[in-house]
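The values are calculated or read from the model by the stated rules, or taken from the named source; none is laboratory data. Quick caveat, the model's predicted, so the values are computed rather than measured. Backbone-built Cβ (ideal geometry, glycine too); neighbour counts: all protein chains shown.
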Amino acid sequence: MDAREAALRQAYDHAVRWLASLPDRRIPARASVDEIVSALGAELPSGPGTPADVVDLLATACEPGLTAFPSGRFYGFVVGGTEPAALAADWLVSAWDQNCVMRTVSPAYAAAEEIAGAWLLDLLGLPRDSSVGFTTGATMANFTCLAAGRDTVLRRTGWNVARDGLTGGPPVRVVAGESRHMAIDLALRYLGLGRPDLVAADDQGRIEPEALRETLTAGGQSPTIVILQAGDIHSGAFDPFAASIRAAREADAWVHVDGAFGLWAAASPRYAHLTAGCADADSWATDAHKTLNVPYDCGLAIVRDASAVRAAMGQQGDYLIQHEQGDPIDKVPELSRRGRAFPVWAALRSLGRSGVSDLVDRLCRHASAFAAGITGIDGATVLNEVAFTQVCAEFGSDGHTDRVLARLLDDGTAWISGSTWHGRRVMRISVSNWSTTDDDVVRTLDAIRRAAAGT
C-alpha cells in the first residue's frame, strides 16, 4: 500500500465513523476554535509528515469541533445533508481532479453537466433550451443570472457594458420585494447596481403584484430588472409569479427568480402549484446543496437565453481549447473549478423523478409536523403559513423565545437557530435534510417542549 492509498483509507475510516455517529450524537460542536487550534498545532512543521498520519491528526483533532450539519436533526439553516450517491461521487470528483471548464479537455465532465442540466430543466419545468451553469452557490448563481440580465437590458438601449463598462451608460433600475434575501443585495453590489427599489410584500413575504406594477410605472422607461422569490427564508412563501411577471413584462423588464431552496417545489406534483408561472421568467437561481442534498459547493444559474449568459460570462484566451458547441466556461464566472455536475448527476440518477418528488414531499411533511407539534405547546405560536419547508414560531415574548433557543442548544438534541421576523424574535426551523426521519421530528419536538417548559 503506497502513501496515497494509506491516506485515503485513513480518511475513509474516519468518514464512516463520523457518519455512523450522526443518529446519536449531540448536534452542536463540543470544542471551541481555540481548543481545535491547540489540537491541530499552530506551528508549521519543519519537515514532511506521513500523509496517513496527517489525515488521522486532522480528523481526530477536528471531530470535537464539528457541528452535525449532516444530521437529520439539524434545522438551523437551509443547508441540506448529502445524499449517499452524491457524497460518493464527490469523493471521485477530488480523486479525478478535473478542471471542468472546457469540453475538449474534460469530455467526461461536459457530458455529466449536459445530462444533469437537461434533467434539472425537466424536473423544474423550465424552458428546455435554457443554459444551466454550476456555480459555488446561490449567491454566485444570482450574480451570474443578474449579470446576464444587466447586460441584456443595457444592450436593448444600445449600450455595450462588456466594452464600455457601466460609467456613462443608462442607469439600470432593479426592483425587488422587501423580503428578498440578503444575497440579492450582495450580488447587486458585485455588479455595480446598488440597492434595489423595494416593493411592499404581504405578511408572509410575498410581493404584491399591484404594488410592483405601480413601482414600475413610476420609474419610467429605464432599463429594468425585476427580482422575484421562490421561498421566503422565514415563511417559505412564494411570490405570485404569473401576476408579477405580467407586470414586469409591461415594463419590458428582465425577470429573475431567486429560488435557492424553493424552486425545487416544481419537482413535486403536490407542491408545483407554488411555482405556477415561474417558468415565464428570464433566469432562475437555486442551490443543489440545499433541497437536492448534494455536497457543497453547488449552485445553479439557469438562463433562458443561453446567448445572454454567454455574452456576460464567456472568456476568450489564445491558450484555451474552445469548442464550437460551447463550453462550461461560458456559463459561470470561474475559470478553475471542480466537477460540480458529477454529484448532481449522481443524486438525480440515484433518486430518479419520483425520488426527487418524494424528497420534497417528505421535507414539507416534516415541516407540517413541526408546526402541528409546536402549536400544541403552551404559550407557543406558529407565525407563518407553513406552505413549504420553513416554520417560524415564538414563545410569548422575545426574551422567552431566546431562552427557549438557548436551552435547546444546551440540550443538544437538535440545532434550531433564532431570527427576527416582523420585529419579533422567532425560532426558525428549516427542514432540508434528506435523512430527517419521523423519529427525528418526534425527538426534536420533545426537546422543544423541554426547552419551553424550562426543564
Failed item in (1) touching a Leu at 6+ places or on another chain (Cβ under 9 Å); (2) not in a helix (DSSP H, G or I), with HIS323 passing the rest: (1)
Enumeration of residues in region 350-382 that are hydrophobic (A, V, I, L, M, F, W, C) and touching an Asp or Glu at 6+ places or on another chain (Cβ under 6 Å): none
Any hit, region 305-317, residues being buried (at least 24 other Cβ atoms within 10 Å of the Cβ) and either assigned to a strand (DSSP E or B) or of a type in the set (Lys, Arg) (or both): no
Hits in region 253-291 (condition: under 22 Å from ALA308 (Cα atoms), touching a residue at least 60 places away in the same chain (Cβ under 8 Å) and small (Gly, Ala, Ser)): ALA253, ALA260, ALA279, SER283, ALA285
SER357 in contact with a helix residue (DSSP H, G or I) (Cβ under 9 Å, 6 or more places away or on another chain) and of a type in the set (Gly, Ala, Ser): yes
Long-range neighbours under 9 Å by Cβ, at least six apart or interchain, first residue at pLDDT 95 or above within region 124-142, second of a type in the set (Ser, Thr, Tyr) and assigned to a helix (DSSP H, G or I): LEU124/THR275; GLY125/THR275; SER131/SER307; GLY133/THR144; THR135/THR144; THR139/TYR190; MET140/TYR190
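From the residues in region 138-168 that are of a type in the set (Ser, Thr, Tyr) and over 12 Å from ALA308 (Cβ atoms), which one is surrounded by the fewest Cβ atoms within 10 Å (Cβ to Cβ)? Spell out how you get there, then give the answer.
Step one: list which residues in region 138-168 are of a type in the set (Ser, Thr, Tyr), which gives 139, 144, 152, 157, 167.
Add one more test, that the residue is over 12 Å from ALA308 (Cβ atoms), and what stays is 139, 157, 167.
Details: THR139: 21, THR157: 12, THR167: 6.
Here the answer is THR167.
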Residues (closer than 29 Å to GLU83 by Cα, free of Cβ contacts under 8 Å to residues at least 12 places away in the same chain and outside any helix (DSSP H, G or I)) located in region 19-61: ASP24
Any hit, region 243-258, residues being over 30 Å from MET427 (Cα atoms), aliphatic (A, V, I, L, M) and within 20 Å of the chain's Cα centre (by Cα): yes
Residues that are closer than 27 Å to TRP415 by Cβ and either free of Cβ contacts under 8 Å to residues at least 24 places away in the same chain or in the same structural domain as ASP411 (by TED's automatic domain parsing) (or both), drawn from region 1-14: TYR12, ASP13
Filter result (touching a helix residue (DSSP H, G or I) at 6+ places or on another chain (Cβ under 6 Å), of a type in the set (Gly, Ala, Ser) and crowded, with 21+ Cβ neighbours inside 10 Å) within region 178-236: ALA187, ALA230, GLY231
Filter result for ASP232 (assigned to a helix (DSSP H, G or I), closer than 18 Å to THR139 by Cα, among the acidic types (Asp, Glu) and within 24 Å of the chain's Cα centre (by Cα)): no
ASP398 vs. criteria touching a Ser or Thr at 6+ places or on another chain (Cβ under 7 Å), charged (D, E, K, R) and within 29 Å of GLY236 (Cβ to Cβ): no
Filter result (out of contact with any Phe, Trp or Tyr (no Cβ under 9 Å at 6 or more places or on another chain) and more than 25 Å from VAL79 (Cβ to Cβ)) within region 123-150: PRO127, ARG128, ASP129, SER131
Failed item in (1) more than 30 Å from LYS290 (Cβ to Cβ); (2) assigned to a loop (DSSP other than H, G, I, E, B); (3) of a type in the set (S, T, N, Q), with GLN10 passing the rest: (2)
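Can you give me the number of residues within region 219-250 that are among the small types (Gly, Ala, Ser), modelled with pLDDT of 95 or more and in contact with a Lys or Arg (Cβ under 8 Å, 6 or more places away or on another chain)?
Filtering region 219-250 down to residues among the small types (Gly, Ala, Ser) leaves 219-220, 222, 230-231, 235-237, 242-244, 247-248.
This time we only want the ones that are modelled with pLDDT of 95 or more, so: 230-231, 235-237, 242-244, 247-248.
Keeping just the survivors that are in contact with a Lys or Arg (Cβ under 8 Å, 6 or more places away or on another chain) gives 237, 247.
The qualifying residues number 2.
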